[in-house]
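Sharing a structure, written as structure tokens. Questions coming.
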Amino acid sequence: MWMRRRFLCGTPEEVCVFPPARPAVKMKISVEYLGIREQLEVEPGYTAELLRVQIFSIFGAPSDRQEWRYAGRFLSGTDLSEQTLDDLGINDGCVIQLGVPAPPQPTDPANAPASELAEAKDVCTRSFFGTSPLCQPCVLADGKPVCVACAMMCRQNSAISQECRGPFVCQCREVGECLFQERNECDTMAAVFYASLKSSLDLDAHKQRDVQLLPAKRRLASRLRSYAEMRMSYESEAMQETARSVIPLDELRAAAEADPDPTLAPSDKLVKQLLHWFKRTFRWVNEPPCDHCGASTKRLGADRPTADEQRYGAGITELYQCSTCALITRFPRYNHAGKIMQTRRGRCGEFAQAFCLCCRSLGMHVRLILDWTDHVWVEVYSEAQRRWVHCDCCEDTYDAPLMYESGWGKKLSYILAFSEDGIADVTRRYTRRYPEVLARRTEILEEGLCDLLADVDSRLKARLSPAQCAAARERDRQEAEELEASLHPLAPAGACPHSDGEASHDDSQRQLKPEETAGRLSGTADGPKIE
């Protein structure tokens, strides 16, 4: 039995009775596009067309080119018409993988069929990609959908309301005179107008892509700031004094003076001796020995760091059970170089932090190098060579930047450098397959990465004196020239770089060093002894 509800229509005597509205059945579906997932609340009676427009409003994916993949089914734009979601088998909890194929190559207006040009004139600023109309930004002018170009040029005195969404045809001529009409009728303007419009839309697509990657950009910005702050902590005089108290500086200097290598300056030889000493002194830990009886252990999992462990930057504490006494050994992963100088154990993260502090405590310009494919090392600036030199204290390796790609077989993506006076993308130093590396750099647009790095770099340089800032910028300039010149393939070890018998004037075509072709030795290789 219907409950009665009174609603006055027109005169007080007219009474309409409506049945109560039934509560709409809602279901939640997820749409995933370019690594971003959004959850939508829809009704089973939604048409596919309505959902396409909703997806367009969220992701900016043109509704006429959307492709849906879900539950083993594939639907393209031509399949997504007035069918309901229920008809298409889209149920509560369904996940739609969204794809948007590239648009067809545009038709050059100068070569387009006369019929297309005539239709383009009829609809004002409407342009064509092949035979398909192009969706443009839209507003309402006096209630009619009008493109933004016409709204700015032709409808300045009209009532402009909110932005529209979805495909439309500009109706500027129905509102009044269209200033673009004369331009479209001009034979010489068609190609120019088309090129201008396409350039504007390409920029808009670029901005939409940047918006879609905004969460990744924020995560990256947070990560950059975290590592920059970590690196700046090594400027602490107290922390540097801790490192100097451990380093046998006189012994290392004597060993450097005895080094017969004529190609290295004394300061560079000292860095090599510091690497040798560090490798012998610090202990690589895969599974730490039992704290109670010294026997071997097996990993159980991880625990939240204690308050004391957190004081030294531990974000996680690994737990290991003794194979003999069954007691638990805690292994906090410290992010405090001073503390690591006391424990003298860890893996590449701890090693790089401690070695970076050691170099800085001796007055060297030094960088902490972060490799997105899970490794960390150091670069030291050589005043004699006027360049940054690769130093991997886990491997006791000096100036062998191609070892990760050529020797370890790493598929590199991002490699960033953090120093006391700046931050830089140094990926090109560690690869001779840069186009392949670029194809793997998908976390953020390259322009966005450059903007983030420039922002952090400017903040770090703002702390410097004018003289320090000028010196840092000069190092940056030298490095930019070096990295630009490094984008050349290298010959494999043992190969003749000029097998065709002709002389080459490209010095970058050198052979790989032996250490650049060796596999990973972290935790197993003993560093050379100081004689």
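The values are calculated or read from the model by the stated rules, or taken from the named source; none is laboratory data. Keep in mind the model is a prediction, meaning the values are calculated, not measured. Neighbour counts run over all protein chains shown; Cβ positions are idealised from the backbone, glycine included. Surface accessibility is based on the protein's heavy atoms, side chains included, excluding ligands, DNA and RNA. Shrake-Rupley method; radii C 1.70, N 1.55, O 1.52, S 1.80 Å.
Of all the residues that make up the stretch 369-390, how many are open to solvent by 20 Å² or more (accessible area, probe 1.4 Å) and polar (S, T, N, Q)?
Number satisfying all stated conditions: 2.
Let me ask something else about it. Find the residue count for the stretch 323-333, including only residues that are open to solvent by 30 Å² or more (accessible area, probe 1.4 Å) and either in a loop (DSSP other than H, G, I, E, B) or touching a Pro at 6+ places or on another chain (Cβ under 8 Å) (or both).
Within the stretch 323-333, residues that are open to solvent by 30 Å² or more (accessible area, probe 1.4 Å) and either in a loop (DSSP other than H, G, I, E, B) or touching a Pro at 6+ places or on another chain (Cβ under 8 Å) (or both) number 6.
Could you tell me which residue of the stretch 400-413 is surrounded by the most Cβ atoms within 10 Å (Cβ to Cβ), considering only residues that are part of a loop (DSSP other than H, G, I, E, B) and without any contact (Cβ under 8 Å) to a residue 40 or more places away in the chain?
Out of the qualifying residues, it is Lys410.
Scan the stretch 420-452 residue by residue and report those that are among the hydrophobic types (A, V, I, L, M, F, W, C) and assigned to a strand (DSSP E or B).
Result: Ile423, Ala424.
Hey, among the residues in the stretch 222-256 that are under 23 Å from Asp268 (Cα atoms) and without any contact (Cβ under 8 Å) to a residue 12 or more places away in the chain, which one's surrounded by the most Cβ atoms within 10 Å (Cβ to Cβ)?
So, considering only residues that are under 23 Å from Asp268 (Cα atoms) and without any contact (Cβ under 8 Å) to a residue 12 or more places away in the chain, the one surrounded by the most Cβ atoms within 10 Å (Cβ to Cβ) is Ala254.
How many residues are in contact with a helix residue (DSSP H, G or I) (Cβ under 8 Å, 6 or more places away or on another chain) and within 21 Å of Lys272 (Cβ to Cβ) if we restrict to the stretch 241-250?
Residues flagged as in contact with a helix residue (DSSP H, G or I) (Cβ under 8 Å, 6 or more places away or on another chain) and within 21 Å of Lys272 (Cβ to Cβ) within the stretch 241-250 amount to 5.
Is at least one residue of the stretch 235-250 hydroxyl-bearing (Ser, Thr, Tyr), modelled with pLDDT under 95, under 38 Å from the mean Cα position of the chain (by Cα) and outside any loop (DSSP other than H, G, I, E, B)?
The answer is yes; a qualifying residue exists.
Take the conditions assigned to a strand (DSSP E or B), under 18 Å from Glu516 (Cα atoms) and not hydrophobic (A, V, I, L, M, F, W, C) and apply them to Glu395. Does it pass?
So Glu395 does not fit the description; no.
How do the pairs read when you match residues in the stretch 286-307 that are within 16 Å of Gly346 (Cβ to Cβ) with residues anywhere that are among the aromatic types (Phe, Trp, Tyr) and surrounded by 14 or more Cβ atoms within 10 Å (Cβ to Cβ), using Cβ under 7 Å and keeping only pairs 6 or more apart or on different chains?
Glu287/Tyr320; Pro288/Tyr320; Pro288/Phe331; Thr297/Tyr320; Arg299/Tyr320
Exactly one condition in (1) modelled with pLDDT of 65 or more; (2) assigned to a strand (DSSP E or B) is false for Gln162; which is it?
Checking Gln162 against (1) modelled with pLDDT of 65 or more; (2) assigned to a strand (DSSP E or B), the one that fails is (1).
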